[in-house]
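Read through the structure below, which is laid out as structure tokens, and then see the notes.
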Amino acid sequence: MAGAAKSGHQLQLLDFWVSPFGQRCRIALDEKGLPYEYLEQDLANKSELLLRSNPVHKKIPVLLHAGRPVCESLIILHYLDEAFPSSAPLLPAGDAYARAQARFWADYVDKKVYECGTRLWKLKGEPQAQAVAEMLDILRTLDGALGDGREFFGGAAFGLADVALAPFTSWFHAYERFGGFSVEEECPRLAAWAKRCAQRPSVAKNVTPPEKVYDFICGLKKRFGIE
Amino acid sequence: MSSQQQPAAPVKLITAFGSPFAHRVEVALTLKGVPYELVVEDLANKSELLLAHNPVHQSVPVLLHSGRAVCESLVIVEYVDEAFHQATAPRILPADPYHRATARFWADFIANKCLRPMWLSMWAEGEAQARFARETKESLGVLDAQLEGKRFFGGDALGFVDLAACTLARWLGVLEEVAGVRLMADGEYPALRRWAKEYVSDEVVRRSLPDRDELAAFFAANKERYRSRVREAVQQQ
């Protein structure tokens, strides 16, 4: 992607292939039709660019816009929406209440899904059972938020809350296998929503296939000595 | 009682005594010139109103505007900033997208890297307590450097990040006394100390800041409950 950095928008994304947080940004950039340069980072050996761009957290994703860094995936989503307002809005303009609802659900996903999911695959015995119970509660809450007849969290338009959760749909498969449940059975509306998201080119292109996520987690478990 | 019908305030805020999160919203509403009515909850005995309007988290604050609920304090602050925006009212978040991203970044840092370990360091024990205290102090150092001679995190005027950090201005000192855990030793974090004084003296802030002694009594009364909850949370990790 040699010419991308020289394109009009000068957008670069420091990212890691399987990161659902990075994928949120990739989805948003594609939804908005914004060309960017993808820069895969070696997290075991962090680059000068990454450390300079995110000195506080030293984490991906980081969006660079004309060299200026924006960190934290949901903050990047807001930034893209505000800096590029004319293309495919992630938040509905002029409706403060709808925007607040979208932010609430994006925040909920951020607070709950990854942390609980990590406990689910990392722990064993009682703590794992606890994590499974919590994950079911989280997924059912999201299922309820979708309700009946809504295509996406905000209604007819694919938006902020959908982008926040979409990459995690690939992690559902791993949660199901480690947790012994089925999202389709427990949360049919959420499962249907996931299928709808998967049909969008931005999601299909950027989200890691579920089997690969599962293999990645198995690799992590081996590395941490968890069997 | 006046014989005239007072119009009902269009905005209600469900709150609880001592909540720094509800305080953020009160300051935001006052900055934007929005009259509001407080509905004070007893969190040990949550009302139907609260449970109906915040079924997901069952916590305060909850803003009710024309009957519709907005939850999560910083989401509410952004909502207030947008829904009640007028040319004459101050902006809580700046207008420029990059500056907005920066403000959101620091609010997120404060919430996750500062306030969370701070609370845990007050009530945890042993090695976990030491770890949380270290993490908090490191974050306080980062914030102290971030202020770099500015009056407020927002610059000359109070803004989004100052509201996010409000806990550090009034609540931290009280918690240190009640829990017996000192995070800000004398002479440490001079910029942050100065900011805390500016914050609690601000004319708008003062209207919704809880009294120090009442706050201390409140935390002291709930000490054991905090300790057992934190013990459980640490065990889960």
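The values are calculated or read from the model by the stated rules, or taken from the named source; none is laboratory data. Remember, predicted model here, so these are calculated numbers, not experimental data. Don't worry about glycine lacking a Cβ; one is built from the backbone with ideal geometry, like all the others, and counts go over all protein chains shown.
Inspect region B:127-145 for any residue being surrounded by fewer than 15 Cβ atoms within 10 Å (Cβ to Cβ), more than 11 Å from chain A (Cβ to nearest Cβ) and not in a helix (DSSP H, G or I) and give the result as yes or no.
At the first step, the residues of region B:127-145 found to be surrounded by fewer than 15 Cβ atoms within 10 Å (Cβ to Cβ) are B:127, B:130, B:134, B:138, B:141, B:145.
Then drop every residue that is not more than 11 Å from chain A (Cβ to nearest Cβ), which leaves B:127, B:130, B:134, B:141.
Narrowing further to those that are not in a helix (DSSP H, G or I): none.
The answer is no, given that none of the residues of region B:127-145 is surrounded by fewer than 15 Cβ atoms within 10 Å (Cβ to Cβ), more than 11 Å from chain A (Cβ to nearest Cβ) and not in a helix (DSSP H, G or I).
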Problem - Lone unmet requirement of (1) free of Cβ contacts under 8 Å to residues at least 60 places away in the same chain; (2) part of a helix (DSSP H, G or I); (3) surrounded by 18 or more Cβ atoms within 10 Å (Cβ to Cβ) for B:Leu120 - result: (1)
Exercise for the section: Pairs only if they're at least six apart or on different chains, beta carbon under 8 angstrom, first in region A:213-227 and over 11 Å from A:Lys122 (Cα atoms), second part of a helix (DSSP H, G or I); list them, first residue then second. Expected result: A:Val213/A:Ser170; A:Val213/A:Trp171; A:Val213/A:His173; A:Val213/A:Ala174; A:Tyr214/A:His173; A:Tyr214/A:Ala174; A:Tyr214/A:Arg177
Fill in the blank from the handout: Of those in region B:60-70 that are surrounded by fewer than 21 Cβ atoms within 10 Å (Cβ to Cβ) and touching a residue at least 40 places away in the same chain (Cβ under 8 Å), the residue nearest to the other protein chains (Cβ to nearest Cβ) is B:Ser66
Practice task
Among residues belonging to region B:75-92 that are assigned to a loop (DSSP other than H, G, I, E, B) and within 10 Å of another protein chain (Cβ to nearest Cβ), point out the one that is surrounded by the fewest Cβ atoms within 10 Å (Cβ to Cβ).
Solution key: B:His85
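For B:Glu214, are the conditions met, namely being over 18 Å from the mean Cα position of the chain (by Cα) and among the charged types (D, E, K, R)? Spell out the reasoning first.
Details: over 18 Å from the mean Cα position of the chain (by Cα): no; among the charged types (D, E, K, R): yes.
So B:Glu214 fails the test.
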Practice task
Mind listing whichever residues of region A:180-227 are modelled with pLDDT under 95 and small (Gly, Ala, Ser)?
Solution key: A:Gly225
Completion exercise
Per the list (1) free of Cβ contacts under 8 Å to residues at least 24 places away in the same chain; (2) touching a Phe, Trp or Tyr at 6+ places or on another chain (Cβ under 7 Å); (3) under 21 Å from B:Val205 (Cα atoms), residue check on B:Ser73 breaks on (1)
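Residue-by-condition table, conditions (1) outside any loop (DSSP other than H, G, I, E, B); (2) at positive phi; (3) within 14 Å of another protein chain (Cβ to nearest Cβ):
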site: A:Arg26; (1), (2), (3): yes, no, no
site: A:Leu39; (1), (2), (3): yes, no, no
site: A:Asn45; (1), (2), (3): no, no, no
site: A:Val56; (1), (2), (3): no, no, yes
